[in-house]
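Visitor: Encoded as structure tokens, here's the structure I'll be asking about.
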Amino acid sequence: VTLEQFVINTDDELIGKTIMDSGIRDIAHCIVMGIEREGNYIMNPEPSLTFREGDTVIVAGETELLRKFLNE
């Protein structure tokens, strides 16, 4: 298990989805540890938090499962 981060880009399907609805936990088996948004950090975000364009998402999980999730 490692810490990974990725940025949500303009055409990303995660925009507008909550952490819970994104499938990041169920499909990629990752836990969202925090989000950097507009220079502020949201640590241990609620599952109801909605992803926005430009968010940097910090997750704990397996690199390969996360990459597979992000490429699907």
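Visitor: What Kirkwood radius, in Å to one decimal, follows from the Cα pairs of the chain?
Guide: Numbers: mean 1/r = 0.0836 Å⁻¹.
It is 12.0 Å.
Visitor: If you rank Met33, Met43 by how much accessible surface each has, with a 1.4 Å probe, what is the order from largest down?
Guide: Final ranking, largest accessible area leading: Met43, Met33.
Visitor: While we're on this one: Which value, in Å², gives the accessible area per residue of the chain when a 1.4 Å probe is used on the protein heavy atoms? Please report the intermediate quantities before stating the final value.
Guide: Numbers: 4870 Å² over 72 residues.
In whole numbers, the chain has 68 Å² accessible per residue.
Visitor: Can I ask one more? In whole percent, how big is the carbon plus sulfur part of the accessible area of the range 14-72, probe 1.4 Å, protein atoms only?
Guide: Values: 1810 of 3760 Å².
Ligands and nucleic acids excluded, carbon and sulfur reach 48 percent.
Visitor: Let me ask you something else. May I ask you to compute the full-extension gain from Glu53 to Thr2, defined as 0.36 nm times their residue separation minus their alpha-carbon distance, rounded to one decimal in nm? Don't skip to the answer; put the middle values down first.
Guide: Working: separation 51, 0.36 × 51 = 18.36 nm, distance 2.38 nm.
So the chain would gain 16.0 nm between Glu53 and Thr2.
The values are calculated or read from the model by the stated rules, or taken from the named source; none is laboratory data. Please read these numbers as outputs of a predicted model, since none were measured by experiment. Just the protein is used for accessible areas: all its heavy atoms, side chains included, with ligands, DNA and RNA removed. Shrake-Rupley method; radii C 1.70, N 1.55, O 1.52, S 1.80 Å.
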